[in-house]
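These notes concern the structure reproduced below.
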Amino acid sequence: MGFYLAQFLTGLASASSLFLVASGLSIIFGVTRIVNFAHGSFFMLGAYLAYTFVELMPHGILGFWGSVIAASLAVGLIGVLLEITLFRRIYKAPELFQLVATFGVVLVIQDLALWIWGAEDLFGPRAPGLEGAVRILGEPIPQYDLALIVLGPAVLLGVWLLFNKTRWGTLVRAATQDREMVSALGVNQSRLFTSVFFVGSTLAGLGGAVQLPREAASLLMDLNVIGEAFVVVVIGGMGSVPGAFLASVLIGELNAFGILVFPEITLVLAFLVMAVVLIVRPWGLLGRPDAVLRGASGPPEEPLRLFTPLSRNLILGLVGLLIVAPFIADEFTVVLLTDILIFTLFAVSLHFIMGPGGLVSFGHAAYFGLGAYGAALMVKYLGIGMISGLVVAPVVAGIGALIFGWFCVRLSGVYLAMLTLAAAQITWSIAFQWQDVTGGDDGILGIWPAEWASDKMTYYYLTLLLVFGGIYFIRRVVYAPFGFALRAGRDSALRVEAIGINLKTQQWMAFVLAGVFAGIAGGLYVYSKGSIFPDELAISRSVDGLVMVLLGGIQSLLGPIIGALSFTLLEDLVTRLDYWRIIFGGVILFIVVIAPEGLAGFARKLLPDRLTGKTEEEARS
Amino acid sequence: MPVKRVQSMLDVSGINAFYGQAQILDDVSFSVQAGEVVALLGRNGAGKSTTMKTMMGMVKSTAGDVTFMGSSIKNLPSHTICQKGLGYVPEERRIFTELTVMENLEVGKQDERDGAPLWTPEKLFELFPNLGEMKNRPGGQMSGGEQQMLSIARTLMGNPSAILLDEPSEGIAPVIVEQMAFTISALKKEGLAVLLSEQNLHFAKLVSDRAVIVEKGSVRYQGTIRELEEHPEIRDAYLAV
């Protein structure tokens, strides 16, 4: 009995820290509608800054808690700085831009933290006066855990009072529903949003700072916490602070007890709960149906453009160049080109679902990884050949997309994006934690191409064939009746339904199609590398795909091709440097702020019409 | 001493507005004097709401000017325009449904303004007795008419000198429409300038001094309500009867 109580209290203590982070994320999301990946970085900075302040300040109770508060406020100010310089420029941008931009911030902050605090984990002090343990029913419970258990509800109360008993809180709640109206009533939106960012970031900083006596400050804290924080916010209902509290307790306890029952899949549990909650209550436990947010929609999507004879010839020239490339380039370049081709197919499949499909997917790596793991597992356990492996890959990915897609197309907007992220995290967790089957972190090795394709050049041609086939097929689909229905559904779901098209089914099929082609890319990838690791399913791989789509620009079918090319080249170039993340993050931020229509769109502005083509509308008239 | 030119309270001169490529307003001009009620009449889609949104800085104008109490407010941020004393009551009311009546009023609250009537919740509850009986009710649980009252009361909390009312009689019960007419007369008595957009000519005639008729984004007629009544052919040409 005592043991279970101890476990329960540990769960509550973790829930408190999680709640601090998640409530901040929820508050910021509620008002600004930004899905802020950098919130995990705020949490990490809270821990690092607390470490530094504890070192500087006199030791003792005052010094410790003073450092915690100073660290939280410092993180709040960092949040304000970021809001003023970056976030306020992207409030009206599509979710994709916001997500990728905040991920750019994650990369920059990671390298800044590495530069300031070094790569070693930093162990903080124990909280003075709370070093000991209390025996409850014979089990030792750390005093500090008890303090955290009190802190969580205390912060909940404080935030509740702030939101419900002050003018500021009233304005924030009003802005959550209708920012344009709040502005028309004389409230300066910019200042309100900045203050919301301050409160949200301060809470994240506090969450990180109070975690210091329990967990060493490390560079992995940011992405580790953000996944769980998203889950909590989505389960609780975006924008609802009491919901975040409820969900934090739920997840905290689920982890505390789940580890006793299913030690292999604790990570999956949280995401499974989230998926179930989203199906039963699509707006979370205490969330409310998403009111139509006024004054926040982005510009309407531009129609696709048709090829001009000149651009068609240029593309044919490029294809020709790719065909002769192995004869003029060295082996290293051929391998790099193979990579580029594989990621091009991955990016094109993601673009298909996001652009023409209009479904924002934050977890497309799932299908890439499913394809790769599907083939690798078949090779490992059944010893199948390469051709069968390349057939299995899209089938496995397609089945995954069929299952996840059924759930995903029921939601829209940010909730859809969150569910796709959860789906990807579930597959990642399985690959990472189910060590007996997937090899866990060690991955699966020794997946080599068949004898006849083992030569780099042959494998390159095989890749070229499949990738071009895939891209051609997707392009045909976009201009087929199915593609028309899909694009029409993206632009006006209501009208499409009204003329007798079952949009959900169309979107579901599109989701599967995108998954299948990502799976082909995954299959090609595993044979080109000879191995597969859980990283290929992780958040950062999904974001890679998003960056490629963003780089190229979402409103062009050529976009993802240009995006994948420039992304892979850039990655190849900068990852050899020590501080590549800061460069990479900087490039992302630069593109989001300076060229939000992507490289292809940016080029279209500069290039003559003869090259960039006409919209379908212009071509018809 | 130089003679001070008599200025209108609100002066719209030659504004344009576009949604994407489509031109919604073309060279719209009219003015509203202090203490005057002007009806902006026109059919659905004629450009009435867009005119008001442009005046409030919510839609950007590429030409002309909007002046309020002598200074240009064209394309300023909405909150700055509101802080200068121009209140806006949108169509569809746009009540904060999760907030109570009192909280909705709190959002609209601004500092006292020289030369403009000062409104408090108590004073507003005299004008709208219904609202006083449901101070703690969430906006989402009120009838359309009650929401319309709340929307006007919320804007008055900003102590405006002039107020833009976008289709206040739309979608509410006839008995409330009467109350609305009474409310507008009361505002006029307080010295507020009112610009009222309407499709309902009957309602407009009850409360307005002058009428401005817009059709396809342009002003087609301006005159007093009496002149309009004497020329039924104008009414028939531009307004749905």
Practice prompt. Keeping to segment A:231-255, report how many residues are of a type outside the set (Val, Ile, Thr) and open to solvent by less than 10 Å² (accessible area, probe 1.4 Å).
Written response: 7
Item to complete: Output the number of residues of segment B:161-178 satisfying the condition of being touching a residue at least 40 places away in the same chain (Cβ under 8 Å) and open to solvent by 20 Å² or more (accessible area, probe 1.4 Å).
Response: 1
Worksheet entry | Qualifying residues in segment B:4-32 (those that are buried (at least 16 other Cβ atoms within 10 Å of the Cβ) and either of a type in the set (Lys, Arg) or not in a strand (DSSP E or B) (or both)) - the one farthest from the other protein chains (Cβ to nearest Cβ) | B:Ser8
Practice prompt. With respect to B:Gly158, determine if the residue is under 19 Å from B:Gly35 (Cβ atoms), touching a Cys at 6+ places or on another chain (Cβ under 7 Å) and either open to solvent by less than 10 Å² (accessible area, probe 1.4 Å) or not in a loop (DSSP other than H, G, I, E, B) (or both).
Written response: yes
Response to the item:
By residue number, the members of segment A:300-353 that are of a type in the set (S, T, N, Q) and modelled with pLDDT of 90 or more are A:Thr338, A:Thr344, A:Ser349
Worksheet entry | Enumeration of residues in segment B:50-91 that are among the polar types (S, T, N, Q), within 14 Å of B:Ile15 (Cα to Cα) and away from chain A (no Cβ under 13 Å) | B:Thr50, B:Thr51, B:Ser61, B:Thr62, B:Thr67, B:Ser72, B:Asn75
Worksheet item: Listed residues A:Ala538, A:Ala518, A:Ala485; which is of a type outside the set (Val, Ile, Thr), farther than 21 Å from A:Pro356 by Cβ and either open to solvent by less than 60 Å² (accessible area, probe 1.4 Å) or touching a residue at least 40 places away in the same chain (Cβ under 8 Å) (or both)?
Response: A:Ala538
Worksheet, complete the sentence: Residue pairs qualifying under the 9 Å Cβ cut-off, at least six apart or on distinct chains, with the first in segment B:87-111 being free of Cβ contacts under 8 Å to residues at least 12 places away in the same chain and the second being open to solvent by 10 Å² or more (accessible area, probe 1.4 Å) and aromatic (Phe, Trp, Tyr), are none
Fill in: Qualifying position, being in contact with a helix residue (DSSP H, G or I) (Cβ under 7 Å, 6 or more places away or on another chain), more than 21 Å from A:Glu180 (Cα to Cα), surrounded by fewer than 21 Cβ atoms within 10 Å (Cβ to Cβ) and in contact (Cβ under 8 Å) with a residue 60 or more places away in the chain, among B:Gly42, B:Gly35
B:Gly35
Fill in: Tally of residues being within 11 Å of chain B (Cβ to nearest Cβ) and crowded, with 22+ Cβ neighbours inside 10 Å across segment A:172-203
14
Worksheet item: crowded, with 24+ Cβ neighbours inside 10 Å and within 19 Å of the chain's Cα centre (by Cα): does that describe A:Phe43?
Response: yes
Response to the item:
Picking from A:Lys529, A:Lys504, the residue that is basic (Lys, Arg), at pLDDT below 95, within 25 Å of the chain's Cα centre (by Cα) and more than 30 Å from A:Thr333 (Cβ to Cβ) would be A:Lys504
Worksheet item: Quick one: what pairs do we get from segment A:28-41, first residue closer than 14 Å to A:Leu223 by Cβ, second of a type in the set (S, T, N, Q), C-beta under 6 Å, 6+ apart or different chains?
Response: A:Asn36/A:Thr102; A:Phe37/A:Thr102; A:Ala38/A:Thr102
Item to complete: Of all residues in segment A:121-159, count the ones that are modelled with pLDDT under 90 and charged (D, E, K, R).
Response: 4
Fill in: Which listed residue, of B:Gly145, B:Gly115, is in contact (Cβ under 8 Å) with a residue 24 or more places away in the chain and either within 14 Å of another protein chain (Cβ to nearest Cβ) or in contact with a helix residue (DSSP H, G or I) (Cβ under 6 Å, 6 or more places away or on another chain) (or both)
B:Gly145
Practice prompt. Tell me, yes or no, whether segment A:401-413 has at least one residue that is closer than 18 Å to A:Lys529 by Cβ, among the hydrophobic types (A, V, I, L, M, F, W, C) and part of a helix (DSSP H, G or I).
Written response: no
Worksheet entry | A:Ile116 vs. criteria open to solvent by 50 Å² or more (accessible area, probe 1.4 Å) and either more than 14 Å from chain B (Cβ to nearest Cβ) or under 33 Å from the mean Cα position of the chain (by Cα) (or both) | yes
Worksheet item: What are the residues in segment B:74-90 that are in a loop (DSSP other than H, G, I, E, B) and over 16 Å from the mean Cα position of the chain (by Cα), if any?
Response: B:Lys74, B:Asn75, B:Leu76, B:Pro77
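The values are calculated or read from the model by the stated rules, or taken from the named source; none is laboratory data. Just so it is clear, the structure is predicted and the values come from calculations on it, not from any experiment. In this analysis, Cβ positions are derived from the backbone assuming ideal geometry, glycine residues included, and neighbour counts consider all displayed protein chains. Keep in mind that these areas ignore ligands, DNA and RNA; they rest on the heavy atoms of the full protein, side chains included. Shrake-Rupley method; radii C 1.70, N 1.55, O 1.52, S 1.80 Å.
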